[in-house]
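The values are calculated or read from the model by the stated rules, or taken from the named source; none is laboratory data. What you see is a predicted model, and the numbers here were worked out from it, not measured in a lab. Positions of Cβ are generated from backbone atoms using ideal geometry, with glycine treated the same way; all protein chains shown enter the neighbour counts. Accessible surface is based on the protein model in full, side chains and every heavy atom, while ligands, DNA and RNA are left aside. Shrake-Rupley method; radii C 1.70, N 1.55, O 1.52, S 1.80 Å.
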Amino acid sequence: MTIPSNFKPIQIHNKVVHIEGQQKPVAIQIHEMTESLMVWVGSVLDGNQCVFGPLAVSMNSPYGSVPVGSTLIGVTTDNVSELIAKKLVMKFNKQIFVSWNLDFQERHQTSQVEQALFQFIQDITVS
């Protein structure tokens, strides 16, 4: 078996983000693979427990300019994971898996986490 020349082992990156108006910080974990990313976003519960909720995947399509996506695990009525995955595909041109485990009522808090996530991915994929 030959290993592809672009192969790189999985790298795991962690970041904690403090969002205005939230008591608990937001944790971000990214599994960086050769041509894809797996993103987990959530908060750490009491006892250092984390929730792994809906998991979505998105990737470019040869049939159009808009990425395709699907929810793999969880209910499809909560499509935040899929929407974030599609945005990330458009920005970074990789297959993206996202598990978004935050329940923010206010839109600006979600956008703050999203901005921090985009910057974090930019930082790790450039280096």
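Only residues that are open to solvent by 50 Å² or more (accessible area, probe 1.4 Å) and either under 21 Å from LEU72 (Cα atoms) or of a type in the set (Val, Ile, Thr) (or both): list them for region 2-17, please. Give the derivation first.
Step one: of region 2-17, the residues open to solvent by 50 Å² or more (accessible area, probe 1.4 Å) are 2-12, 14-16.
Those that are open to solvent by 50 Å² or more (accessible area, probe 1.4 Å) and either under 21 Å from LEU72 (Cα atoms) or of a type in the set (Val, Ile, Thr) (or both): THR2, ILE3, ILE10, ILE12, VAL16.
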Leading residue by the ranking (farthest from THR34 (Cα to Cα)) among those in region 74-89 that are in contact with a Pro (Cβ under 6 Å, 6 or more places away or on another chain) and open to solvent by 50 Å² or more (accessible area, probe 1.4 Å): ASP78
Residue check for GLU20: touching a strand residue (DSSP E or B) at 6+ places or on another chain (Cβ under 8 Å), of a type in the set (Asp, Glu) and surrounded by fewer than 17 Cβ atoms within 10 Å (Cβ to Cβ): no
Residue list for region 23-55, filter: part of a strand (DSSP E or B), more than 17 Å from ASP103 (Cβ to Cβ) and open to solvent by 20 Å² or more (accessible area, probe 1.4 Å): GLN29, HIS31, MET38
Selection within region 63-100 - touching a residue at least 40 places away in the same chain (Cβ under 8 Å) and of a type in the set (Val, Ile, Thr): ILE84, ILE96, VAL98
Search result, residues across region 12-33 that are within 16 Å of the chain's Cα centre (by Cα) and over 15 Å from GLN119 (Cα atoms): ILE12, HIS31, MET33
Failed criterion for THR77 (all others in (1) at pLDDT 90 or above; (2) assigned to a loop (DSSP other than H, G, I, E, B) hold): (1)
